[in-house]
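Any read-out appearing in this document is the output of simple, stated calculations on the displayed coordinates, not a laboratory observation. On a predicted model such as this, the values are computed, not experimentally measured, just so you know. Using ideal geometry, Cβ is built from the backbone for each residue, glycine included, and neighbour counts are taken over all protein chains shown.
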Ligand SMILES: [Fe+2]
């Protein structure tokens, strides 16, 4: 995000510029999480084929894990004095995740599309954690560590379906 976001003064014991820079990094994560959630739901709703029901459940499990991350990310932004830029339109503008393959039908197409998206989301979390550590807010960097472990577990669930290459 190029423009400086609005910040509120508070008693959190960090320099203003550390808070500002951390919030700006976190708002990209928030955009990515909202995008990731909607992409997992798209896969959950629209997958077809012989493995439909199992994948329908797997994709919803991914969506649930990501959904649970959204509120803590947004509220960590506001704890630091920032504004959580979490509308669908803000998410679409700032998410680093590529647009979903909305023509996907079969299980394998959705697994590839969602694994690509989730891989980007996991990469975004790791990069944001490192950036925030460098900026100087190690508690927020630590907060990302649990998000990374949860998201990478979901990535493992998705990618494991692709290893043997026999999903429809
Ligand atoms: Fe559902």
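The rows are residues; the columns are (1) under 30 Å from residue 160 (Cβ atoms); (2) out of contact with any helix residue (DSSP H, G or I) (no Cβ under 8 Å at 6 or more places or on another chain); (3) in a loop (DSSP other than H, G, I, E, B).
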| residue | (1), (2), (3) |
| --- | --- |
| 27 | no, no, no |
| 39 | yes, no, no |
| 55 | yes, no, no |
| 62 | yes, no, no |
| 90 | no, no, no |
| 104 | yes, no, yes |
Residues of the stretch 137-151 being closer than 21 Å to residue 60 by Cβ and surrounded by 17 or more Cβ atoms within 10 Å (Cβ to Cβ), in sequence order, are 147, 151
Pick from 6, 64: which is surrounded by fewer than 18 Cβ atoms within 10 Å (Cβ to Cβ) and within 16 Å of the ligand (Cβ to nearest atom)?
64
Would you pick out the residues in the stretch 67-78 that are in contact (Cβ under 8 Å) with a residue 60 or more places away in the chain and surrounded by 17 or more Cβ atoms within 10 Å (Cβ to Cβ)?
69, 73, 76
Pairs returned, first residue in the stretch 47-61 that is free of Cβ contacts under 8 Å to residues at least 40 places away in the same chain, second residue that is more than 11 Å from the ligand (Cβ to nearest atom) and outside any helix (DSSP H, G or I), beta-carbon separation under 7 angstrom, 6 or more apart or interchain, are 56/47
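Within the bounds of the stretch 92-102, is there any residue that is exposed (fewer than 14 other Cβ atoms within 10 Å of the Cβ), more than 13 Å from the ligand (Cβ to nearest atom) and part of a helix (DSSP H, G or I)?
Looking only at the stretch 92-102, we keep the residues that are exposed (fewer than 14 other Cβ atoms within 10 Å of the Cβ), and these are 92-93, 98-99, 102.
Still in the running and more than 13 Å from the ligand (Cβ to nearest atom): 92-93, 98-99, 102.
Imposing the further condition that a residue be part of a helix (DSSP H, G or I) reduces the set to 92-93.
For the stretch 92-102, residues exposed (fewer than 14 other Cβ atoms within 10 Å of the Cβ), more than 13 Å from the ligand (Cβ to nearest atom) and part of a helix (DSSP H, G or I): present.
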Identify the residue in the stretch 16-50 that is surrounded by fewer than 19 Cβ atoms within 10 Å (Cβ to Cβ) and more than 30 Å from residue 131 (Cβ to Cβ) and, among all such residues, is nearest to the ligand (Cβ to nearest atom).
45
